[in-house]
Amino acid sequence: MGCVSGKKKGNAENPVIRGPVSKPTPDTIPKGSENLPRFAVGPYEIYEEIVRLPYGVICKGVHASSKVVRTIKIIDSKPSDGISLNPKHLETELKSLKSLDHPNIVKIHDMFVLGNKFYVAMDPCDGLMLLDYISSQSKITESLIGRILSQILAAVSYCHSKRVIHRDLNPKFIYVTQTDSNNINVKVSEFGSSAFIDPENKFCGKMAPKNYTAPEVFENFYNEKCDLWSVGVIFHLLLAGNFPFTAKQGQNNSDEGLDLKTLKDRGFSDEALNLLSLLLEKDFRLRITANEALEHPWIKKALQGVDSSRDVRYALEELKKYKKVSVAQDLIKEFIASQIVCYDDSQSVIAAFQKIDANWDGRLSKDELLKHYKESMDEDTAQKVVQQIFETADRDKNGFIEYSEFVKASMRAQSLISFTNIDKAFKLLDSDRNLKISSEELKIILEDSSDNNLFKLIKEADKNKDGEIDFSEFYDLIKKNYSS
């Protein structure tokens, strides 16, 4: 079912949506979606509705020229329920959420406004929704649940470190991708109800479905730990197949208490039930944090069976070989790593990152890298290697290797900067499709980079001095100092 329909007339309130559009080639569209009707909105083609929200809809889509697959969220600033959203406030929050960079979070790549609607382009929601994934498994073990829960908690921990509260955690917005028996990747999506942490706990509104809503939310006095309650409800659902409490309209849904005895009688471990009780603590001031939950013995035990040593060795070897490149090359390589590289190409990198990131903060410190390099070399050599990595890979010089920086530096250059990826990057940047990239187009896409860095990029790439970058100049810039 399509999420939008073509109209012959439009205005500022209801802009014209062009469509249907020409069908992209089969190799660029997810299998099974080739013959669905498509409609063009901005630079994207939208072809299938995923889920409806109180304030909009989430659809499958594709970037029209590059054919990069995206999930498109359409937010109506004046929804039918009459509750208007502040466009400026919404735009500010979306820009902040765009900076979230973590392997367990669906990344926001692009956003634009047409009339009363905000369009947000995100990572494709690959894999299965959480409960569909669980239903597809022939055997559900505590170990599998622990691997899933650890990645949900990692996403929550990272968000809280960035002062973001999700406020709507539920299985509908959690996706699981599995490519083999050892590798799963969990991604948390849908930050439409998120808020930034208020030191005075002054929040209002019940965002999550009532079965997932923390008791303090009903009192309009809560903090980021409301997310941990929602994680606890999801945990109970995965263990027992039902909710821990019965939702009551407009009331605290935990009055009846948590029945741990029944769960114990069903054979669940004491450690699992202990973590569950800590997550579903009614007093949010006593409730466990995401970081504390990740250090819980049950989580650590669940992860013992995950062997990612091969992925770590591979990533560490590639990191050692990462060359110092120009600012321009580094910017574009990181753009490709964050915007284009898909899960199939980066699953081993994700596994390595999660293994090295010992404190689950979504970035790698020198000590975390040093620990792994010391396993294969003496400490002095390891120190020199790590120092060199930070000099070459830490583009923003904040003393940490962020996730996209890690992908950029630990993937083989032949894979990261293949002709296909360079072509897609150029088309993503060339927003007006005139076959050249201007400084204004670079500013829109690389908005976290300084004007000085963008000037360096154009100066280095623009060989014919016309003030813009054509594809040949773009390709030569990226491939410089690399053999094909």
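The values are calculated or read from the model by the stated rules, or taken from the named source; none is laboratory data. In this text, all values refer to a predicted model and were calculated from it rather than measured experimentally. Note: ideal-geometry Cβ built from the backbone for every residue, glycine included; neighbour counts use all protein chains shown.
Mind counting the residues in segment 186-212 that are modelled with pLDDT of 80 or more and more than 23 Å from the chain's Cα centre (by Cα)?
2
Would you call residue 150 in a loop (DSSP other than H, G, I, E, B), assigned by TED's automatic domain parsing to the domain that holds residue 264, in contact (Cβ under 8 Å) with a residue 12 or more places away in the chain and not hydrophobic (A, V, I, L, M, F, W, C)?
no
Condition check ((1) hydroxyl-bearing (Ser, Thr, Tyr); (2) farther than 26 Å from residue 354 by Cα; (3) modelled with pLDDT under 85) across all residues:
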position: 72; (1), (2), (3): no, yes, no
position: 78; (1), (2), (3): no, yes, yes
position: 82; (1), (2), (3): no, yes, yes
position: 86; (1), (2), (3): no, yes, yes
position: 89; (1), (2), (3): no, yes, yes
position: 96; (1), (2), (3): yes, no, yes
position: 101; (1), (2), (3): no, no, no
position: 104; (1), (2), (3): no, no, no
position: 111; (1), (2), (3): no, yes, yes
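Of the numbered conditions (1) surrounded by fewer than 21 Cβ atoms within 10 Å (Cβ to Cβ); (2) part of a strand (DSSP E or B), residue 175 fails exactly one; give the number of that condition.
(1)
Among the helices (runs of 4 or more DSSP H) contained in segment 422-484, which hold 3 or more residues that are at pLDDT 85 or above and in contact with a helix residue (DSSP H, G or I) (Cβ under 6 Å, 6 or more places away or on another chain)?
It comes to 471-479.
When you go through 331, 278, 238 one by one, which is the residue that is within 30 Å of residue 71 (Cα to Cα), under 27 Å from the mean Cα position of the chain (by Cα) and at pLDDT 90 or above?
When all the criteria are applied, what remains is 238.
Could you check segment 112-147 and list, in sequence order, the residues that are part of a strand (DSSP E or B) and of a type outside the set (A, V, I, L, M, F, W, C)?
117, 119
Quickly run through segment 394-415 and pick out the residues that are surrounded by fewer than 23 Cβ atoms within 10 Å (Cβ to Cβ) and assigned to a helix (DSSP H, G or I).
404, 413, 414, 415
Regarding segment 401-413, can at least one residue be identified that is under 21 Å from the mean Cα position of the chain (by Cα) and modelled with pLDDT under 85?
Within segment 401-413 (the criterion being under 21 Å from the mean Cα position of the chain (by Cα) and modelled with pLDDT under 85), the answer is no, since none of the residues qualifies.
Listed residues 145, 152; which is of a type outside the set (Phe, Trp, Tyr), surrounded by 19 or more Cβ atoms within 10 Å (Cβ to Cβ) and more than 13 Å from the chain's Cα centre (by Cα)?
Sole residue among the options that is of a type outside the set (Phe, Trp, Tyr), surrounded by 19 or more Cβ atoms within 10 Å (Cβ to Cβ) and more than 13 Å from the chain's Cα centre (by Cα): 145.
Residue 348 fails exactly one of the following numbered conditions: (1) over 30 Å from residue 300 (Cβ atoms); (2) surrounded by fewer than 19 Cβ atoms within 10 Å (Cβ to Cβ). What is the number of that condition?
Of the numbered conditions (1) over 30 Å from residue 300 (Cβ atoms); (2) surrounded by fewer than 19 Cβ atoms within 10 Å (Cβ to Cβ), the odd one out for residue 348 is (1).
When only residues in segment 293-326 that are among the acidic types (Asp, Glu) and touching a residue at least 12 places away in the same chain (Cβ under 8 Å) count, which is farthest from residue 274 (Cα to Cα)?
318
Do we have residue 364 as assigned by TED's automatic domain parsing to the domain that holds residue 397, buried (at least 21 other Cβ atoms within 10 Å of the Cβ) and at pLDDT 90 or above here?
So residue 364 passes the test.
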